[in-house]
1. Considering only the range 310-324, I want to know if a residue exists there that is touching a helix residue (DSSP H, G or I) at 6+ places or on another chain (Cβ under 8 Å) and over 15 Å from Ile247 (Cβ atoms).
2. Output yes when any residue across the range 180-192 is in a helix (DSSP H, G or I), of a type outside the set (Phe, Trp, Tyr) and touching a residue at least 12 places away in the same chain (Cβ under 8 Å), and no when none is.
3. Where residues in the range 378-420 are part of a strand (DSSP E or B) and hydrophobic (A, V, I, L, M, F, W, C), which of them is nearest to the chain's Cα centre (by Cα)?
4. When you scan the range 284-307, do you find a residue that is within 19 Å of Arg352 (Cα to Cα) and basic (Lys, Arg), even just one?
5. If you scan the range 152-211, which residues turn out to be within 10 Å of the ligand (Cβ to nearest atom) and of a type in the set (Phe, Trp, Tyr)?
6. Restricting to the range 287-309, and then to whatever is free of Cβ contacts under 8 Å to residues at least 40 places away in the same chain and more than 11 Å from the ligand (Cβ to nearest atom), can you tell me which residue is nearest to Asp214 (Cα to Cα)?
7. Has the range 375-390 got at least one residue that is modelled with pLDDT of 95 or more, farther than 25 Å from Arg3 by Cβ and more than 16 Å from the ligand (Cβ to nearest atom)?
8. Could you run through the range 141-165 and say how many residues are in a loop (DSSP other than H, G, I, E, B) and aromatic (Phe, Trp, Tyr)?
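The values are calculated or read from the model by the stated rules, or taken from the named source; none is laboratory data. Nothing here was measured: the structure is a model prediction, and the numbers come from that model. With ideal geometry, Cβ positions are generated from the backbone for all residues, glycine too; neighbour counts draw on all protein chains shown.
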Amino acid sequence: MPRFLINKGTPLRGRIRASGAKNSVLPIIAASLLTDGKSTIEEIPCLNDVRTMCELIECLGARVRLEEGQNRLIIDSGNITNTVAPYELVNKMRASFLVMGPLLARQGMAKISLPGGCAIGNRPVDLHLKGFAAMGADIVQGHGYIIAKTRGRLRGSRIYLDFPSVGATENILMAAVLAEGQTIIENAAIEPEIVDLTTFLTSMGADIKGAGTDTIRINGVKELKGVTHAVIPDRIEAGTFMVATAISGGDVIIENVVPDHLKPVSAKLREAGVEISEELTSIHVRAGKPLKAVDIKTHPYPGFPTDMQSQMAALLSVASGTSILIETVFDNRFMYISELKRMGAKIKVEGRSAVIEGTDKLMGATVRATDLRAGAALVLAGLVAEGTTEITDIEHIDRGYMNFDEKLRKLGADIVRVED
Ligand code: EPZ
């Protein structure tokens, strides 16, 4: 199994370019099923999750060409021959569940393995199903699968989301664009990835108003056409490099970003004593002063992103003072903390709160990546830990970060990937 070996190195310096957003391209690949035309998606991050999503739509009948060298994906969904998303694919990546809305809209049925929980907690899909049922789908669960069917087209409906779920907003949005009549999604998620998906759908001919606000209105249309679309930059990858620069006391410019999408991360790093300056499409991070403890509470956008929680915990482990980290989005997103503590971090977890007492140094150790953001956090800790840090199960990191070790080496990090 591949692993990373990291030695404490010099502060990171130089320039790095963020890739396209994983959490934008996955729903957009699912949305390409909504047309029998051909779509071209640019700025594709070449990640294992993207390859898995391509494998899934191919097994549904789409024809896919992933041109990794050009970060381009060409999808022809003219011939959907299957509406079953198998266990082995959904189990590998829960975002596979995002094909349910497009399959219901296009084919009138979908049979999808129920996604299990994962390393960050129980991850139900009840809000997705609430939306589909409100639009007239009959839904049954059996033998680990969810089977949804519609007699004719889905019907527009008013749907209130008890929690502004990103996935539920995306799945219902994709079901609604071909439904009969108007759908209103209330308490919708407002993440930038929702806006990017809406840009893609609108250019296909969908009639959507209000994306990026908590109320989205969709008037169903008869059909959609294939288009070309460039995916927005990955704000979480960019944020991860911002924290890597901060923890190592470095000086790095991160290009191909939307600074607005990173406001909460920039704000917290400034509070920790890091200098952040923004240009139109880049962010300059300058660290070097002693890091200060800060309190963080994760929230749906535009709050502090849960996907940056573990990276910040690594940083706060070596800040001076005590920080409080509260995770409000997922019910079990602290699994990485036991790994950080093996490196000498002083962290106490009480329910959804973690109390982090900064220490002046971490020690290299063998640790395990429990999910992709946890893995990234352990890499960041390894950059400043005394001695060598070995990180196993790095396939989690490869799911969400394109050439992570290569990009870090480019900035001067002492990290190698060892293939057994
Ligand atoms: C998306 O997951 C992202 N994944 C996650 O990124 C991200 O952490 C999350 O949104 C929150 O921002 C992709 O976009 C592929 P949710 P999603 O539905 O859609 C509860 C990463 O590291 N909920 O907004 O699954 C759920 O249990 C990944 O890149 C219900 O209760 O997140 C959770 O507590 C990790 N019922 C909360 O809502 C539902 O039907 C947020 O989940 C759906 C969700």
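1. The answer is no, given that none of the residues of the range 310-324 is touching a helix residue (DSSP H, G or I) at 6+ places or on another chain (Cβ under 8 Å) and over 15 Å from Ile247 (Cβ atoms).
2. Within the range 180-192, the subset in a helix (DSSP H, G or I) is 192.
Narrowing the set further to residues that are of a type outside the set (Phe, Trp, Tyr) leaves 192.
Among the residues that remain, those that are also touching a residue at least 12 places away in the same chain (Cβ under 8 Å) are: 192.
Yes - at least one qualifying residue is present in the range 180-192.
3. Taking the range 378-420 and keeping what is part of a strand (DSSP E or B), we get 386, 388-392, 414-418.
If we keep only those that are hydrophobic (A, V, I, L, M, F, W, C) too, we end up with 391, 415-416, 418.
Details: Ile391: 21, Ile415: 24, Val416: 25, Val418: 26 Å.
Applying the filter and picking the extreme gives Ile391.
4. Yes: the range 284-307 contains one or more residues that are within 19 Å of Arg352 (Cα to Cα) and basic (Lys, Arg).
5. Residue satisfying the conditions is Phe163 alone.
6. Lys297
7. Going residue by residue through the range 375-390, those that are modelled with pLDDT of 95 or more are 375-390.
With the extra rule that they be farther than 25 Å from Arg3 by Cβ, the set shrinks to none.
No.
8. Residues in the range 141-165 being in a loop (DSSP other than H, G, I, E, B) and aromatic (Phe, Trp, Tyr): 1 in total.
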